[in-house]
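Below is one structure, written out as structure tokens, with a few remarks after it.
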Amino acid sequence: MLITDHLNLMGDSPLRGPNFGSGPRFPDLSQAYDPALQNFARDAARASELTLREGVYAALLGPSYETPAEIRMLRTLGADAVGMSTVPEVIALRQLGVRVGAMSCITNLAAGLSAQPLDHSEVEATARRSRKAFTDVLTRWVTSAGTAR
């Protein structure tokens, strides 16, 4: 999934604490994910013949899977996917003025969306099966964005 925006529900920020002058104290995140980089990702997915979904990524602290009630809440808030990473890095990079593009390999259905219990081995197996296609699209994305500079 191409991440087009995020919800930081981790209960923390990588910018908490002293500002060491590495960027604005309160960086603008209204376009945290660069539209031009998103277009390169779409082109890379087409070239890789990969179906690329787009959506809002909700970041939660973990390390546990969400409850069905939390998933219903996240859907109400506009989340399309849930994870335990990515968002702190995006916030820190944006504070530094770095253009950001992000993609997530969706490895399992959320709690309450499947009759099967959540199992981390499913996440690992899906990631292994997706590795080649995901690596291909990421390589095309980085290469095309890098040559366009």
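The values are calculated or read from the model by the stated rules, or taken from the named source; none is laboratory data. The model shown is predicted, which means the values in this text are computed figures rather than measured ones. Note: ideal-geometry Cβ built from the backbone for every residue, glycine included; neighbour counts use all protein chains shown.
For region 19-41, how many residues are surrounded by 10 or more Cβ atoms within 10 Å (Cβ to Cβ), touching a residue at least 24 places away in the same chain (Cβ under 8 Å) and in a loop (DSSP other than H, G, I, E, B)?
8
Quick check on this structure: which one of 59, 145 is assigned to a strand (DSSP E or B), aliphatic (A, V, I, L, M) and in contact with a Gly (Cβ under 8 Å, 6 or more places away or on another chain)?
Going through 59, 145 in turn, just one is assigned to a strand (DSSP E or B), aliphatic (A, V, I, L, M) and in contact with a Gly (Cβ under 8 Å, 6 or more places away or on another chain): 59.
Which residues, taken from region 48-68, are in contact (Cβ under 8 Å) with a residue 40 or more places away in the chain and not hydroxyl-bearing (Ser, Thr, Tyr)?
50, 52, 53, 54, 55, 56, 58, 59, 60, 61, 66, 68
If you check 102, 127, which single one turns out to be over 16 Å from residue 59 (Cβ atoms) and of a type in the set (A, V, I, L, M)?
127
I'm checking my understanding of the structure. Among residues of region 88-138 that are in contact (Cβ under 8 Å) with a residue 24 or more places away in the chain and among the basic types (Lys, Arg), which one is nearest to residue 28 (Cα to Cα)?
In this case the residue turns out to be 94.
Only one residue in 74, 109 is among the hydrophobic types (A, V, I, L, M, F, W, C), surrounded by fewer than 15 Cβ atoms within 10 Å (Cβ to Cβ), more than 30 Å from residue 19 (Cα to Cα) and under 18 Å from the mean Cα position of the chain (by Cα), so which one is that?
Only one candidate passes the filter, namely 109.
Looking at 50, 15, 61, 29, can you tell me which residue is at pLDDT 95 or above and of a type in the set (A, V, I, L, M, F, W, C)?
The match here is 29.
For residues in region 84-126 being in contact with a Pro (Cβ under 6 Å, 6 or more places away or on another chain) and assigned to a loop (DSSP other than H, G, I, E, B), which is modelled with the highest pLDDT?
It comes out as 111.
Could you tell me whether residue 75 is outside any strand (DSSP E or B), under 19 Å from residue 35 (Cβ atoms) and not β-branched (Val, Ile, Thr)? Walk me through how you get there before you give the answer.
On the way: outside any strand (DSSP E or B): yes; under 19 Å from residue 35 (Cβ atoms): no; not β-branched (Val, Ile, Thr): yes.
No, not satisfied.
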